[in-house]
Structures are given as C-alpha cells and as structure tokens.
Amino acid sequence: MNPLCGRCNRVVYPTEKVNCLDKYWHKGCFSCETCKMTLNMKNYKGFDKRPYCNAHYPKTNFTAVADTPENRRLKEQTKMQSQVLYKEEFEKNKGKGFSVVADTPEMQRIKKTQDNISNIKYHEEFEKSRMGGEAPPHQPSTPTSAGYQQAAPSQNFHYEPTPEPVRQAAAAAPPPSAGKRYRAVYDYAAADEDEVSFVDGDMILEVQQIDEGWMYGRVERTGQRGMLPANYVEAI
C-alpha cells in the first residue's frame, strides 16, 4: 500500500516519492515551511521533522533570565547550601592536618568569643587571688549588730579600726610605680567593674604592672582607677 504525503496527506506513488524526515513527500510538496521553496536532499534542513531552507531554518537564541524575587531566593538558597557543604567538609577534615583556614565572618565570631572567654577566666582568677589575700581582714568584719554593740565599750581602752576602712584600703589602688606615665593609643570600654574606660590620647598615671597583659592605673581625664589592657597604652 502506498504511503500518504507528509504535507498534502495524499497518496505518494513510487515515481514521485521522497523519503525524508521519517515521512514520505511528493517532490513538489517537499518545500520550506516558511517560504514554500522546493527543496531536495542536498539543500534542506530539518527541524522538528519539518523541512526548511537555509535562510528560514529556526535558530536557537539564548534568553536573559529576569531578576525576579523567586530567582533571588533560589540564588540565596544555593549560596546557603554551599556554605553548609563547606562547613561539613571543614568538620570532616578538622584534626587531619594543618591547613590554612579562610578568615570568614564565622571564624571571626568564634575567635572573638574565645578571646572573651579567656578574659572572663582571667578576671575570675584575678578576683579569686585578690579575695584570697583579703580573707583574713574580712573574717572579723562580719559580726552581728550585737557584736558591734558589745565592742563599743572596749573602744575606751584601745582603738580598733572598723571593718569598712579595712575593705577600702584593700580595694585601693596598688602603690604607684615611680610615677610612670602612659598614653592611650586606642579607645577602650570597661568590661568589668574593676576596669576603667578611656579614649585615644588619655594620660594614664600611677601605673602598676600586674602581668604581661594587664596594668593598674588612674585615668587623668576622669580620675577613675582600675585595671586596663597593657597593649592599649604606650609608655611616655
């Protein structure tokens, strides 16, 4: 049985049959879909099982993707997934060897947290050592009100300093170190009650070196006394 033409849908006889693009065509029906120019097996181009001439052959063009909220959301989600994969790889490789770690915002936050923890531990140890030195004077400083009343008559025979001046003397600044003067080179905000705040250019007087990282002194501008970081000031 003779097949039907792919264009006119009529019977195609063997003498006029053209077999191309999985179809059968009359020689006159095998033409361009756009301009109807008659084609042959040498000059046709097939697209979607349809014949075209070289001038009207459909071309694939790239289209620009609009920057829609949905596309921005997908972009942010892809970025977050990349960070998650990076952290997973970092955790897997942690401890296997030394490698250069990128200075990411997350690493900066962890470093700052560790520095704060170190400062807190240092202040705790300092307070423990200072309270340990004040323990003997503080033991007689906690009697009841009745104890104060009983001790009042004994003041006629001998003088005993009251506990409050003892605490004030213990909390006073350490003896000044030969009148050393320092100048602040950075701003510093006190992080604890026993510290002092200052700004760049302030003069620090009566400085007492505590250890390699901390000093004790008085800010000339405000008159406040307390601890301060040694790397925030320079000697004059």
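The values are calculated or read from the model by the stated rules, or taken from the named source; none is laboratory data. Computed from a predicted structure; not experimentally measured. Heads up, the Cβs are rebuilt from the backbone with ideal geometry, glycines too, and the neighbour counts pull from every protein chain shown. These area figures cover heavy atoms from the full protein model, side chains too; ligands, DNA and RNA do not enter into them. Shrake-Rupley method; radii C 1.70, N 1.55, O 1.52, S 1.80 Å.
Quick look at the numbers
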item	result
Pairs with Cβ under 8 Å, 6+ apart, first in the range 20-38 and surrounded by fewer than 18 Cβ atoms within 10 Å (Cβ to Cβ), second β-branched (Val, Ile, Thr)	Lys27/Val18; Lys27/Thr38; Gly28/Thr38
Residue count, the range 182-205 (criterion: open to solvent by less than 60 Å² (accessible area, probe 1.4 Å) and in contact with a Gly (Cβ under 8 Å, 6 or more places away or on another chain))	8
Residue selected from the range 45-87 under the condition hydrophobic (A, V, I, L, M, F, W, C) and open to solvent by 100 Å² or more (accessible area, probe 1.4 Å), by the criterion modelled with the lowest pLDDT	Phe62
Asn9 being open to solvent by 80 Å² or more (accessible area, probe 1.4 Å) and not in a loop (DSSP other than H, G, I, E, B)	no
Cross-chain or 6+ apart pairs with Cβ under 6 Å, the range 207-227 first and open to solvent by 60 Å² or more (accessible area, probe 1.4 Å), then among the aliphatic types (A, V, I, L, M) and outside any loop (DSSP other than H, G, I, E, B)	Gln209/Met215; Glu220/Met203; Glu220/Leu205
Any chance Gly46 is over 30 Å from Met107 (Cβ atoms), part of a strand (DSSP E or B) and not aliphatic (A, V, I, L, M)	yes
Selection from the range 187-230 of residues that are among the hydroxyl-bearing types (Ser, Thr, Tyr) and either part of a strand (DSSP E or B) or more than 19 Å from Tyr122 (Cβ to Cβ) (or both)	Tyr188, Tyr216, Thr222
